[in-house]
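Structure, as structure tokens:
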Amino acid sequence: MIKGVIYSLLRRYYEQNTYRADYIYFASKLYHRLLARGHKAEDIKPIFLQAHSKIETTAKLNQAPTTDPTSALPSDPSSQSSKKRFLCLHFEYHPSDIPRRTIHRLFEKHLPNIETKLGLEKPIIAYSRPENIGDIVTQARLHQAPGQPSSKIMGEYQQGLDP
């Protein structure tokens, strides 16, 4: 079971972190947390190395062929030379608002060359729903009595046992 836990968490860290340093940081935190929970280094270190190798191999196979062999690793997004820029418009949703298709048509009609002049892609129109009564009455908040940890794990973390 521990193999599956380590592999799935490392894969998630790899996919969610743009920078390789962040991936390494979280993988290291997981390793040290497992050691603090009583796992032996000689048992889990090979599992970490095997999972990391499998994740990197899978990532390289899933990418398009490139001339740079290190491009399969997460890198600094600002170092990409052919980076596209997006114009994002974010609105709170209202049923009476104009549809996003209309906004796109107006953009194309009145600003036809702005995409090429500024290096922009088509605008992204995003909507978020407005806050409703359910958001106000069902806020999930954890309450903890002073000096009483809510769990043993949090108690250990607060005492500084977790690196």
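Derivation of every value follows stated rules applied to the coordinates shown; laboratory data play no part. Values in this document were obtained by computation on a predicted structure and should not be read as measured data. When we count neighbours, we look across all protein chains shown, and the Cβ atoms used for this are built from the backbone with ideal geometry, even at glycine.
As a quick test, which of the pairs LYS60/LYS117; LYS54/LYS122; LYS3/LYS29 have an alpha carbon distance above 26 angstrom in this structure? Walk me through the intermediate numbers first.
Values: LYS60/LYS117 35 Å; LYS54/LYS122 37 Å; LYS3/LYS29 16 Å.
Distance filter (> 26 Å) returns LYS60/LYS117; LYS54/LYS122.
Please compute the contact order of the stretch 84-136 in relative form: average sequence separation of alpha-carbon pairs under 8 Å and at least six residues apart, divided by the residue count, as a percent.
Details: 47 pairs, mean separation 32.9, N = 53.
Over the stretch 84-136, the number comes to 62 percent.
Quote to one decimal, in nm, the extra length available between THR116 and CYS88 on full extension: 0.36 nm per residue of separation minus the C-alpha distance between them.
Numbers: separation 28, 0.36 × 28 = 10.08 nm, distance 1.65 nm.
Answer, rounded to one decimal: 8.4 nm.
Assign one of three labels to the stretch 84-136, namely rounded, prolate or oblate, based on the Cα gyration tensor with a ≥ b ≥ c the square roots of its eigenvalues; rounded applies when a/c is under 1.5, prolate when it is not and a/b is larger than b/c, and oblate otherwise. Show your work: numbers first, answer last.
Details: a/c = 5.46, a/b = 2.12, b/c = 2.58.
It comes out oblate by the Cα gyration axes.
Dimensions of the stretch 1-69 along principal axes (Cα, Å, largest first)?
Extents along the principal axes, in whole Å: 43, 20, 16.
Report, in debye and to the nearest 20, how large the dipole of the stretch 2-72 comes out about its Cα centre when Lys and Arg carry +1 and Asp and Glu carry -1 on their Cβ. Walk me through the intermediate numbers first.
Working: 11 positive and 6 negative charges, 59 e Å.
In debye, rounded to 20, the stretch 2-72 gives about 280.
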